[in-house]
Amino acid sequence: MEEGVLIVKDIQIDGTHPPGGVISVWTLNRPDKLNALNDMSHQSIKNECIRVESDDNIRCVVIKGASPPEPPEGKRKKPAAFAAGADISEFAGKNSDDVRPFFEDNAWEAVWNLSKPTIAMVDGFALGGGTELALSCDIRIASERAMFGQPEINLGLIPGGGGTQRLCRLVGYGKAMEIVLTGDMINARDALEIGLVNKVVAIEELDEVSMSMAETIARKSPHTAKVAKRAVRTALELPFSEGVLTERSEFVALFDTEDKEIGVQAFLGRKDAEWTGR
Ligand code: COA
């Protein structure tokens, strides 16, 4: 098995409430293959999702791609990538029975199903399963050189990591159709224009902007952040009027939490809230 395809670093945020809050930063680490997601990448991401759910200190997850290494002399440097898709070499010669188990239990769904907020920090190529991994996150921040796309059609395939569904809900039917049917790449500015990404920043600012947003989120009540994510997510699943009812019931239930009283008293007393997470 290939080692180290996912580098995980838990970054401690000082002065969080409850104390000990961390941002878990996951780096897809196959830069020679433009961080293409192979079987091991999926397994590692799924394992990390289980760990994140069981660790109360982890408040937010940031996913990024490893930068390309310096090339040997005379060779060209590989381009930057978040992930250039599923590892196409693992598709060769496979039939539906071979791939079904893998696609039924994949990393895109594991990330999507995390109860905690997630941010994709996208520099360079995010294609196919790379765009889908970014779509599985709650927020996408892109560098100016980020390139998105669903080129599976060029392989005689369609997106298989939830891309048709998540893309459609994020950018709408017409744009999703264009992206899936043409397989064309779209640059960061166009991605921003259609709502595929939340922000586009200079390459050298990508880390700081993404981590700063993660820190902002990590400083909220972890309980309330989960409820907020769950409530917004409801809009994708339920009819509007049912979603409004669900939101109302989540909102009302928060009045039984310690953190609601802490937040309200902190505002009234002009102090910082010291959340308990309860
Ligand atoms: N799966 C497996 N390997 C991949 C890959 C993928 N999805 N994407 C890139 N690679 C590998 C290449 O095979 C190459 O490996 P090598 O140097 O050992 O030959 C390396 O990453 C660099 O890619 P390369 O194609 O040489 O870089 P480029 O700058 O010429 O082109 C892309 C960059 C992103 C345009 C091109 O790599 C590409 O089209 N990738 C496939 C994208 C795709 O179809 N994704 C959807 C998969 S379902």
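Tabulated values for the structure
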| read-out | value |
| --- | --- |
| Loop-located chymotrypsin sites (Phe, Trp or Tyr not before Pro) in the stretch 215-274 whose Cβ has at most 14 other Cβ within 10 Å (DSSP) | 255 |
| Net charge over other residues, Cβ less than 11 angstrom from the Cβ of residue 25 (K, R count +1; D, E count -1) | -1 |
| Antiparallel DSSP beta bridges within the chain, as percent of all bridges there, nearest 5 | 30 percent |
| Kirkwood estimate for the stretch 149-260, i.e. one over the average of 1/r between Cα atoms, Å | 16.9 Å |
| Calculated on alpha-carbon atoms, Rg and Dmax of the stretch 60-132 in Å | 15.3, 47 |
| Charge dipole magnitude, Cβ of K and R +1, D and E -1 - the stretch 127-278, Cα centre, debye nearest 20 | 320 debye |
| Within-12-Å neighbourhood charge of residue 180 [Cβ basis; K, R +1; D, E -1] | -2 |
| Positive dipole terminus of the stretch 6-218, leading residue within 40, 84, 8 (C-beta point charges) | 84 |
| Whole-angstrom gap from the stretch 87-148 to the stretch 151-193, using each part's C-alpha centre | 13 Å |
| Space enclosed by the convex hull of the alpha-carbon atoms of the stretch 6-218, per residue, Å³ | 125 Å³ |
| Principal axis dimensions, largest first and in whole angstrom, of the stretch 1-120 by Cα | 50, 43, 22 |
| Computed lengthening from residue 97 to residue 70, 0.36 nm per intervening residue step minus Cα-Cα distance | 5.8 nm |
| Dipole magnitude of the stretch 96-201, debye to nearest 20 (Cβ charges: Lys/Arg +1, Asp/Glu -1, about Cα centre) | 420 debye |
| Per residue, in Å², the accessible surface of the chain once ligands and nucleic acids are set aside, probe 1.4 Å | 53 Å² |
| Unit charges at the beta carbon, dipole of the chain: most positive-side option, 74, 240, 22 | 240 |
| Residue (of 206, 156, 146) at the positive-pole extreme of the stretch 129-209, dipole from beta-carbon charges | 156 |
| The stretch 222-268 - Debye-derived log10 I(q)/I(0), Cα point model, q = 0.17, 0.21, 0.33 Å⁻¹ | -0.52, -0.71, -1.15 |
| Charged-residue dipole, Cβ positions (Lys, Arg, Asp, Glu), the stretch 6-218 about Cα centre, Debye nearest 20 | 280 debye |
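The values are calculated or read from the model by the stated rules, or taken from the named source; none is laboratory data. These numbers come from a predicted model, not from an experiment. When we count neighbours, we look across all protein chains shown, and the Cβ atoms used for this are built from the backbone with ideal geometry, even at glycine. Protein only, heavy atoms only, side chains kept; ligands, DNA and RNA dropped before computing areas. Shrake-Rupley method; radii C 1.70, N 1.55, O 1.52, S 1.80 Å.
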